[in-house]
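Below are the structure tokens for one structure; questions will follow.
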Amino acid sequence: MEREEMSRRQREAQQEAMGGDHDDRILQMQLKDDRVTEEIMREREEEMRKINSQMHQVNAIYKDLGNIVSYQQDQVDEVEQHMEAANKNTESGLHQIEKASSKMDKSCVIS
């Protein structure tokens, strides 16, 4: 009976040791999972910061483009005004040439 008791105690000790190893392995796996999850979260946070920075850059580019377009629109408007004035001056010059031509025709006598 003493041998049986001794054998039983050895089996219990082995099971406890195995159970302890099993618990340690589970704990190590959980810690590894936590580290992986933490690393993923850090990577996501870094990517979000990069995206935020890039969005600010795009916003600045749009503002610059808006200013350029506004400046160019002023220049286009000025060119348009000059073209309209040139058109009026051309029409006025044509009218004066036609008027002068008609006066010349009246005073010019062919013999």
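Read-outs throughout are calculated quantities, based only on the coordinates presented, and are distinct from any laboratory measurement. Please read all numbers here as calculations on a predicted model, not as lab measurements. For neighbour counting, all protein chains shown are included, and Cβ atoms are generated from backbone atoms with ideal geometry for every residue, glycine included.
Using beta carbons and a limit of 8 Å, which pairs, at least six apart or on different chains, have the first residue in region 62-75 and exposed (fewer than 10 other Cβ atoms within 10 Å of the Cβ) and the second one of a type in the set (Asp, Glu) and part of a helix (DSSP H, G or I)?
Note: no pairs meet the criteria.
Can you tell me which residue among 48, 41, 104 is free of Cβ contacts under 8 Å to residues at least 60 places away in the same chain and surrounded by fewer than 10 Cβ atoms within 10 Å (Cβ to Cβ)? Outline the logic, then answer.
Values: 48 fails: surrounded by fewer than 10 Cβ atoms within 10 Å (Cβ to Cβ); 41 fails: surrounded by fewer than 10 Cβ atoms within 10 Å (Cβ to Cβ).
So the residue among 48, 41, 104 that is free of Cβ contacts under 8 Å to residues at least 60 places away in the same chain and surrounded by fewer than 10 Cβ atoms within 10 Å (Cβ to Cβ) is 104.
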